[in-house]
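The values are calculated or read from the model by the stated rules, or taken from the named source; none is laboratory data. This one's a predicted model, so the numbers in the text were calculated from it and none came from an experiment. Virtual Cβ from ideal backbone geometry, glycine too; neighbours counted across all protein chains shown. Ligands, DNA and RNA are stripped out before the accessible areas are found, and what is left, the full protein with its side chains, is counted by its heavy atoms. Shrake-Rupley method; radii C 1.70, N 1.55, O 1.52, S 1.80 Å.
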Amino acid sequence: MKRLVLYIIGLLLVCTSCERRIEYNGEIAQPRLVMQAEVGEGDTIVRVYVSRSRFFLESGSDLPDDYLMPDALTELQREGGEWQTMKWSPADKAFVLKVSPLQVGETIRVRASHPDYTSIAAEQKVVYKPLCLVQFYNGQENTLMYNKHKRYIVLNMLLQNYILTDDVTLGFCVTCQYSLMRKTLPPDIKLITSSYLQSFDEIFASADNMYSSEVGFNSRFELFLMPGYPNAKLTELRIPLFGPANWEDYELSVEELHIRFSAHNEDSYLYRKSMYAALESGRGDGPDIGAVMNDMLGSEEPVQIYTNIANGYGIFAACSRYSIDLKNLKLVEY
């Protein structure tokens, strides 16, 4: 019995962890104002998000909203005009200002100040909206190709005259909303879901284009084509479809095809690319074993988020967008 007691005591001593307090001797970064804003051709409302940064050892909330700065003085200036004070909107969690439509090439300046922090500022020139065309199957209006066996819809796009300057990156994404109606009893079962254009390998490997590492990058469901990428026809952009195993028991119909185009200046592109790199390094939505091992071994380089805010952090981007919504689409199987 005594041996058992001694064994248990020894096991407890072995398993008891020793805590050692390590003092941080590095540089402590003081908090700065953070600004996020975006302007585009034709915008009539400008929103500027202002918050403050937080040192990683600072105690407090981890909720981003707790670091918003609604009492900051935030102002906007258009092409050398008067500075206008922006109004805080609790609903938008941002400073908002209604303006007449922004024009291409117009210089927009924003600044924010607070008694407890260094004032920040940034400026941008508005870029144009890109021009892209959607091509349908055999020229038939609103007709798409559908591969029943491989379960995807095919879309063709023509990037004609979308490059008007040599410093604008094209971004686009495609969302397909479709439904599956059961053919057999009960016939009233209808499944409605959405899918994104997920793979861009076909673009790089198509006959009209040559693969290049300088083409840009695919950030989740949006593809970015760098300046200098040739006007081209993007063939067989495949939108995967998901549904039950007994696919043959359902009738497919496309409710809507939403295509969003965006033109990004260099600041906008570099910011998005750095954010994408941060997600891919293992800090995104899912475990990355390689990134975890790099963290453990200390060999992973930190990801620097691109910023163009003077005396602060964040991004003031020039990004013009427009969308195409296609409805009542017809499908042709192949």
Between A277 and D65, what length comes free when the chain is fully extended (0.36 nm per residue of separation minus the Cα-Cα distance, one decimal in nm)? 73.9 nm
How far is it, in nm, from the label point at S113 to the one at N147 when both lie 7 Å from their Cα along the line to the Cβ? 6.0
Per residue, how much accessible area does the range 56-182 show when a 1.4 Å probe rolls over the protein heavy atoms, in square angstrom? 53
Cβ-placed point charges (K, R +1; D, E -1), dipole of the range 34-93 about Cα centre in debye, nearest 20: 100
So which of K129/K330; K125/K327; K150/K273; K148/K273; K148/K327 end up more than 24 Å apart, counting from Cα to Cα? K129/K330; K125/K327; K150/K273; K148/K273
Net +/- balance of residues flanking K183 in space, Cβ distance below 10 Å, scoring K and R +1, D and E -1: -2
Quick check on packing: order 312-322, 101-111 by the mean number of other C-beta atoms within 10 Å, highest mean leading. 312-322, 101-111
